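In what follows, a single structure is set out as structure tokens and then discussed.
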Amino acid sequence: MTIHVFVGPTLPTDEGLLAHQSVRRRPPVRHGDLFDTAIADTDTVVLIDGIYHQAPALRHKEILAAMTRGVRVIGAASLGALRAAELWPYGMGGVGNVYRSYRNLEIVGDDEVAVGQDPMTGRALTWPMVNCRYAINLAVNSRILTGPKAAGLLDALHAVYYPQRTYAAIRAACHAQDATGFADWVGERRSEDPYFGDIKRSDALSAVRAALYGPDPCGPVPSAVHTDSVYFRRWYNAFAMQHVDGLVLPTALRIAYQQLFDPDFRGLWTWHLDHLSRRPSDGSRGMPLAERMFRLTGQETGRRAPHMLFQLPIDLRCSGTVERLLAHETEPDRRAVARYLAANDAARHELPFYTPETVRDEAAIRVLQQVWTGPDTHLDEEAAARGFRGLAEAVTAMQVFMAGYLREGEQPLTSVTEAITDARH
């Protein structure tokens with residue numbers, strides 16, 4: 001069993017507890033990280049720090065989905081404490097003072113645990129509000145501050161925007177509140193112990209110890225927990241990765257490459273539809289695709305194409321779906337996907353404004369016309385026959401591969417530039 005600890009500034013990189021042979025230290029958690037196939041069903045995840053400003057935050061249903069497949073999830077100290085306070089009724093374990101404060105609604109909002117970070121090292125440059133609260137409580141218990149003065153200082157510190165709550169800003173707030181004695185006291189204590197008042201660190205270490213040695217803070221996961229939704233399927237599809245031929249490739253892009261470039265994918269998609277028709281996931285009676293078509297339309301399959309009636313989303317959570325849609329994939333195909341993704345990285349270095357989304361639709365459509373026979377091809381029909389839910393979805397898929405396609409056709413960088421909207425202005 002591996003313990004995956006998602007942590008950033010709350011614990012230093014040389015923290016001894018994270019060197020345990022069962023622990024794998026990982027960067028602050030973000031949207032999609034719990035879909036990683038390296039997290040086995042029997043593993044434990046400890047959520048401490050998370051990203052939520054510069055990238056999408058970890059969603060609740062991602063945590064629930066991990067727990068329903070058997071992953072033990074513990075939260076503490078920072079974003080982990082917030083998520084645990086929200087999901088403890090569903091079996092997520094919470095550890096520490098910050099978690100209890102969130103759960104008891106003594107604090108609310110993610111700004112209580114947020115810190116400004118050094119972009120190069122990830123080291124915290126500011127004090128989170130929970131640490132300020134803890135230090136002030138210690139000062140009241142030590143009679144360094146009175147209750148009323150502590151309340152005024154709390155309000156003053158809370159009014160400081162979290163990326164600006166440096167130690168210098170804290171001293172300035174103390175001076176304004178006539179509480180310089182508190183600032184001096186904190187400075188003296190921190191000279192003796194650099195972690196004085198750091199309740200986030202203390203909670204984080206408690207969570208890792210709980211994961212390693214117990215007691216287990218997690219509760220049972222209710223059998224009625226429901227994680228399926230159109231959004232969750234999209235998230236899973238976006239983050240599904242596989243290790244193949246020494247490469248780590250997005251499964252969705254491998255399938256998209258087949259949809260776009262395999263000349264025989266139309267037949268593969270019909271085979272896939274027939275399989276789904278014979279084995280419906282909703283428990284209804286299965287039947288061959290031809291029979292289902294006749295029941296729905298009164299026409300034989302050949303007179304009306306099944307893909308014009310059934311434009312189904314691809315669900316990569318089904319291993320059978322992945323196997324069927326990659327049935328024609330070859331090792332050179334996988335290498336091509338890797339090259340095309342590398343071409344996107346190269347294009348970003350050469351053209352600072354480049355992303356696949358900046359490729360003009362018209363340019364992608366011209367390539368589709370080339371790949372799918374010629375200008376007389378009915379692109380909407382061809383896209384549906386290849387499993388896309390319309391031409392727009394096919395264009396979006398093609399945009400990801402455009403830089404690589406043009407480069408491998410030995411077209412100059414100007415061809416890539418001309419395909420991008422921003423370059424025309």
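The values are calculated or read from the model by the stated rules, or taken from the named source; none is laboratory data. This is a predicted model, so every value here is computed, not measured. Positions of Cβ are backbone-derived with ideal geometry, glycine not excepted, and every protein chain shown enters the neighbour counts.
In region 109-152, which residue that is of a type in the set (K, R) and assigned by TED's automatic domain parsing to the domain that holds D178 is surrounded by the fewest Cβ atoms within 10 Å (Cβ to Cβ)? If you could, list the steps in order and put the result at the bottom.
From region 109-152, those of a type in the set (K, R) are 123, 133, 143, 149; that's our starting set.
Going one step further and asking which of them are assigned by TED's automatic domain parsing to the domain that holds D178, we end up with 133, 143, 149.
Numbers: R133: 22, R143: 7, K149: 19.
Residue satisfying both the conditions and the ranking: R143.
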* Taking interchain pairs and intrachain pairs at least six residues apart, which have beta carbon atoms under 7 angstrom, with the first residue in region 132-150 and farther than 19 Å from E188 by Cα and the second among the small types (G, A, S) and buried (at least 19 other Cβ atoms within 10 Å of the Cβ)? -> K149/A179
* To do: Could you pull out every one of the strands (runs of 3 or more DSSP E) wholly within region 1-78 that has 1 or more residues that are of a type in the set (S, T, N, Q)?
  => 44-47
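Give me a count of the residues in region 152-171 that are of a type in the set (A, V, I, L, M), touching a helix residue (DSSP H, G or I) at 6+ places or on another chain (Cβ under 9 Å) and assigned to a helix (DSSP H, G or I).
Adding up the residues that qualify gives 6.
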* Asked: Taking R30, is it at pLDDT below 95, within 14 Å of the chain's Cα centre (by Cα) and surrounded by fewer than 20 Cβ atoms within 10 Å (Cβ to Cβ)?
  -> yes
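Taking the options P356, P332, P352, name whichever one is in contact (Cβ under 8 Å) with a residue 12 or more places away in the chain and in the same structural domain as A403 (by TED's automatic domain parsing). Give the derivation first.
Details: P332 fails: in contact (Cβ under 8 Å) with a residue 12 or more places away in the chain; P352 fails: in contact (Cβ under 8 Å) with a residue 12 or more places away in the chain.
Only one candidate qualifies: P356.
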* Asked: So which of A85, A81 is part of a helix (DSSP H, G or I), touching a Gly at 6+ places or on another chain (Cβ under 9 Å) and within 25 Å of D14 (Cα to Cα)?
  -> A81
* Structure fact -> Taking region 383-395 and keeping only residues that are within 17 Å of L312 (Cα to Cα) and not acidic (D, E), one is left with A383, A384, A385, R386, G387, F388, R389, G390, L391, A392, A394
* **Where V140 falls short, out of the listed (1) under 30 Å from G93 (Cα atoms); (2) in contact with a Ser or Thr (Cβ under 8 Å, 6 or more places away or on another chain); (3) of a type in the set (V, I, T)** => (1)
* Which condition does A179 not pass, out of (1) small (G, A, S); (2) in contact with a Gly (Cβ under 9 Å, 6 or more places away or on another chain); (3) closer than 25 Å to G96 by Cα, if it passes all the others? -> (3)
* Selected residue (only one of C174, C132 is touching a Phe, Trp or Tyr at 6+ places or on another chain (Cβ under 6 Å) and of a type outside the set (A, V, I, L, M)) -> C174
* For D333, all conditions in the list (1) of a type in the set (D, E); (2) closer than 21 Å to V248 by Cβ; (3) more than 30 Å from the chain's Cα centre (by Cα) hold save one; what is the number of the exception? -> (3)
* Structure fact -> Every listed condition ((1) out of contact with any Asp or Glu (no Cβ under 7 Å at 6 or more places or on another chain); (2) surrounded by 24 or more Cβ atoms within 10 Å (Cβ to Cβ)) holds for A66 save (2)
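Select, from L154, L82, L105, the only residue that is among the aliphatic types (A, V, I, L, M) and in contact with an Asp or Glu (Cβ under 7 Å, 6 or more places away or on another chain). Write out each step before concluding.
Numbers: L154 fails: in contact with an Asp or Glu (Cβ under 7 Å, 6 or more places away or on another chain); L105 fails: in contact with an Asp or Glu (Cβ under 7 Å, 6 or more places away or on another chain).
From the options L154, L82, L105, the qualifying one is L82.
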* Residues within region 169-212 that are surrounded by fewer than 19 Cβ atoms within 10 Å (Cβ to Cβ), among the aliphatic types (A, V, I, L, M) and either within 26 Å of I48 (Cβ to Cβ) or at pLDDT 95 or above (or both), tallied -> 2
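Would you say E362 is over 29 Å from H349 (Cβ atoms), in a helix (DSSP H, G or I) and modelled with pLDDT of 85 or more?
No; evaluated as a whole, the condition is false for this residue.
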